[in-house]
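A quick write-up on the structure given underneath.
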Amino acid sequence: MSFTKPGQLVAAGLVAAVVVFLLSQLMYGELPPLPLLAGATLLLIAVVDVVLAAVLRPRVRRKPGVEPIEALTAARAVALAKASSLAGAIMAGVWIGLLAHLLPMMSSVQAARSDTFAAIVGLISAGALIGAGLWLEHCLRNPDEPDDPHEDE
């Protein structure tokens, strides 16, 4: 399993942004108003990732007096970390695509104004999820592995 590359996250976010922008151009008038905290649920996952990072990091680093982490537990946590950062990137793209549609209408359409604030909350939450997922992945790196996989070549 390889580490998450920034290009993967950027590509996923861009695809999501374009798709949502185009769909919002076609269907925005048919959507119900967005709840202000619609995207804030991503913060809950981000908090779980940060707590896991804090709990698992000493175990991965084999600190004295701490039980080492089992390989299967570490693999599951890495899968969660990768999924979190990718989901955060996709959701950031969703909120960016929606914001690209809403910002020009914000001064003239009341629904766009309230949905813009919900999209900003969602974008901040998605950014937190990306950061938490990447931090969890970083904390789970094997301390015996070199930082650069091509270092010994």
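The values are calculated or read from the model by the stated rules, or taken from the named source; none is laboratory data. As the structure is a computational prediction, the values presented were derived from the model and not from experiment. Positions of Cβ are generated from backbone atoms using ideal geometry, with glycine treated the same way; all protein chains shown enter the neighbour counts. For the accessible areas, the whole protein counts, side chains as well, though only heavy atoms, and no ligand, DNA or RNA atoms are used. Shrake-Rupley method; radii C 1.70, N 1.55, O 1.52, S 1.80 Å.
Derived value for the chain: Kirkwood hydrodynamic radius 17.0 Å. Basis is the mean of 1/r over every pair of different alpha-carbon atoms. Summarising the label geometry, the points placed 7 Å from Cα in the beta-carbon direction at THR41 and ILE124 lie 2.0 nm from one another.
Given R₀ = 25 Å, FRET efficiency for VAL18-MET105 by Cβ-Cβ distance, to 0.05? Don't skip to the answer; put the middle values down first.
Details: r = 19 Å, r/R0 = 0.75.
That gives a FRET efficiency of 0.85.
The reciprocal of the average 1/r between distinct C-alpha atoms defines the Kirkwood hydrodynamic radius, which for the stretch 39-87 equals 11.6 Å. Taking 7 Å steps out from each Cα toward its Cβ at ALA75 and LEU26 produces label points 4.1 nm apart.
The alpha-carbon atoms of the stretch 1-87, seen along their principal axes, cover 59, 28, 17 angstrom, with the largest extent given first.
Dipole of the stretch 1-152 (Lys/Arg Cβ +1, Asp/Glu Cβ -1, origin at the Cα centre): which of ALA74, VAL94, ILE124 lies farthest to the positive side? Of ALA74, VAL94, ILE124, it is ILE124.
Among the protein heavy atoms, those of HIS138 account for about 80 Å² of accessible surface (1.4 Å probe, every chain in place).
Taking Cα atoms of the stretch 66-127, Rg/Rh with Kirkwood Rh, to two decimals? Write down the numbers at each step before the final one.
Working: Rg = 17.8 Å, Rh = 13.6 Å.
Rg divided by Rh gives 1.31.
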